[in-house]
Amino acid sequence: MPTSPSEPVEAPQSARYDLAVVGAGPAGLAAAVTAADLGLRCVLLDGGRDTGGQYYRHPAPGLGAARPDRLHHGWSVYTGLADRLAAHERAERVRFRGGHQVWALERTADGFAVHVTRGPEAADRTTVPARSVLLATGAYERQLPFPGWTLPGVVTAGGAQAMLKAGLVLPGRRIVVAGSGPLLLAAASSLVTAGAEVPAVVEATDYLGYARRPGVLAAVPAKLVEGAGHGGVLLRHGVRLRPRSAVVEAHGTERVTAVTVARLDAEWRPVPGTERRIDCDAVAVGHGLLPQIDLATELGAATRTAPDGAVGLRVDARLRTTVPGLWSAGETNGVGGADLAIVEGELAAHAVADRVPKPALLRRRTRLRKFAELMAAAHRPGPGWTGWLRPDTDVCRCEEVPVARIREAVDELGAGDPRTVKLLTRAGMGWCQGRMCGPAVACLAGPGEPGPDRRPLACPVPLSQLAAGPSGEG
Ligand SMILES: Cc1cc2nc3c(=O)[nH]c(=O)nc-3n(C[C@H](O)[C@H](O)[C@H](O)COP(=O)(O)OP(=O)(O)OC[C@H]3O[C@@H](n4cnc5c(N)ncnc54)[C@H](O)[C@@H]3O)c2cc1C
């Protein structure tokens, strides 16, 4: 359901939206259609072209994929939501606007001004007025650097999934999958099913953390079935699972040709003498996901830290953030997967419409959130990972800042927090604005949990659009 970028999206003051939903992934899509079912006038905005978000990522139209469902679990859940959206669009209860990246939210006397960029021209800026906003902007991947991680052929685990789902391509033929978190099993299973060879899945934990709360596990049988399904696929393809291990170096000159894998101790310190080399032409690596919450933290929304150190928004049982009129659903409240995102989208829509949801929906959320917390605790990065860094390993790849410069800022220049490290070294000042290097810099800067992301602009915005003034005219 793409929209032309030139199509206007502003509602006249008389037709101010009841709800602007930012992000059309599982959470935002479910929220928009449920809110419309309940009689609200909504606009659903996404920086991407289509609905679906990260989980239901579509093949690019030019590829002519005949069976996109084969790349996804639960594709019928997505098509059900998309059909409901189409019906609401026809009835003019919801407007979906793809290619609309929200760069800031602003409180107004009677709600919010949602500032959007649709492209590079001054005229591509627009502002959407809405009484309430629901944030469903998902998450991005946590990266922990290692020597060689900037070589071509090293991609993120989610990036490998995205290449496959959107581009129908593999990052290589022989791909080592590494890092920590449930995404590794999903990625490895998709890669082998699509014809790649996966010589190893290298997971930094031992999965024993899941066994600490058997009751929580037993309450989410579908998750167990999903995990077992991935396990079965990996077993059939002879994929070796290496728990308590990490890729501590990628080798190659033009691109990656091999990795060194080492055993880790309980703190994720590499154990000397356990290194082994695995030939490969690609590495898909990720260490979990981090909620994308900068639009809300800029408004002062309170946050909470999950057991894996990821900072998400603090919401109450009705999915309200601490900013009046601002709701949040899905990964923005802490990473928990697509099923939880859909449930939270539906619950948030009920809350915005001031309706009481079915108790079963509330119970389902409780079960899935508890599982999300268990998952986060099971995959919490250990502090010893910095043991595989070398002085010349780039930490900030945008600004090419190596470990040695960050250690110098901390040990010799007295920087005790990530912000001071950034000011002294430029780490985090590049295009990604610290999304890639932020967790690593925070860890190298010293003890203490990283604080919430603060970015006044949630994405790059041309100066011409900023100069156009608050209302976007001109
Ligand atoms: C790269 C990646 C790959 C993943 N792959 C898998 C997988 O293979 N299997 C699996 O089980 N889980 C996967 N996940 C996790 C899964 O995608 C999530 O659990 C699920 O999609 C959460 O739904 P959501 O609606 O909360 O967020 P998302 O699906 O992430 O949707 C968020 C949406 O918000 C939009 N958005 C973000 N910021 C803005 C903005 N400022 N303005 C406008 N729009 C914005 C994004 O374009 C996106 O469409 C992946 C996550 C990532 C980050």
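A straight line joining the Cα centroids of the stretch 96-174 and the stretch 304-370 runs 20 Å. For the stretch 277-401, the equivalent ellipsoid built from the Cα gyration tensor has semi-axes of 34, 18, 12 Å, listed from largest to smallest.
The translational diffusion coefficient of the chain, from Stokes-Einstein at 4 °C and 1.567 mPa s with a Kirkwood hydrodynamic radius over alpha carbon pairs, comes to 56 µm²/s.
The value given for the stretch 195-343 is a Kirkwood hydrodynamic radius of 18.4 Å, derived from the mean inverse Cα-Cα separation. Of the beta bridges in the chain, as assigned by DSSP with both residues counted there, near 50 percent are antiparallel.
For the stretch 331-348, backbone nitrogen atoms closer than 17 Å to the point 7 Å from residue 302 Cα along Cα-to-C-beta are found at 333-334. With the convex hull drawn around the C-alpha atoms of the stretch 400-440, the volume per residue stands at 58 Å³. Over the stretch 106-171, the alpha carbon radius of gyration divided by the compact-protein estimate 2.2 N^0.38 Å works out to 1.73.
Rounded to the nearest 5, the antiparallel percentage of DSSP beta bridges internal to the stretch 173-321 is 55%.
Note the count of lysine pairs whose C-alpha atoms are less than 28 angstrom apart in the chain, limited to pairs 8 or more residues apart or on different chains. Provide the component values of the computation, followed by the final result.
On the way: 165/223; 223/358; 223/370; 358/370.
Close lysine pairs under the 28 Å cut-off: 4.
The Cα atoms of the stretch 368-474 give a gyration tensor whose axes a ≥ b ≥ c have a/c of 1.5 or more with a/b no greater than b/c, which makes the shape oblate.
Taking a ≥ b ≥ c as the square roots of the eigenvalues of the Cα gyration tensor of the stretch 1-150, is the shape rounded (a/c under 1.5), prolate (a/b larger than b/c) or oblate? It is oblate, given that a/c is not under 1.5 and a/b is not larger than b/c.
Applying a 4.7 Å Cβ-Cβ cutoff to the chain leaves 42, 280, 398, 432, 443, 459 as cysteine residues with no disulfide-compatible partner. From the alpha carbon centroid of the stretch 54-82 to that of the stretch 215-272 is 26 Å. For residue 443, the solvent-accessible surface computed with a 1.4 Å probe is close to 50 Å², ligands and nucleic acids excluded. Figure note: 287, 73 ranked by solvent-accessible area, largest first, 1.4 Å probe, ligands and nucleic acids not counted: 73, 287.
For Cα pairs less than 8 Å apart in space and 6+ apart in sequence, what is the mean separation divided by the residue count of the chain, i.e. the relative contact order in percent? It comes to 18 percent, rounded to a whole number.
Going by a ≥ b ≥ c, the root eigenvalues of the Cα gyration tensor, does the stretch 341-382 fall in the rounded group (a/c under 1.5), the prolate group (a/b larger than b/c) or the oblate group? Cα axes put the stretch 341-382 in the prolate bin.
The values are calculated or read from the model by the stated rules, or taken from the named source; none is laboratory data. In this text, all values refer to a predicted model and were calculated from it rather than measured experimentally. Note: ideal-geometry Cβ built from the backbone for every residue, glycine included; neighbour counts use all protein chains shown. Just so you know, the surface numbers come from the protein's heavy atoms only, side chains and all, with ligands and any DNA or RNA stripped out. Shrake-Rupley method; radii C 1.70, N 1.55, O 1.52, S 1.80 Å.
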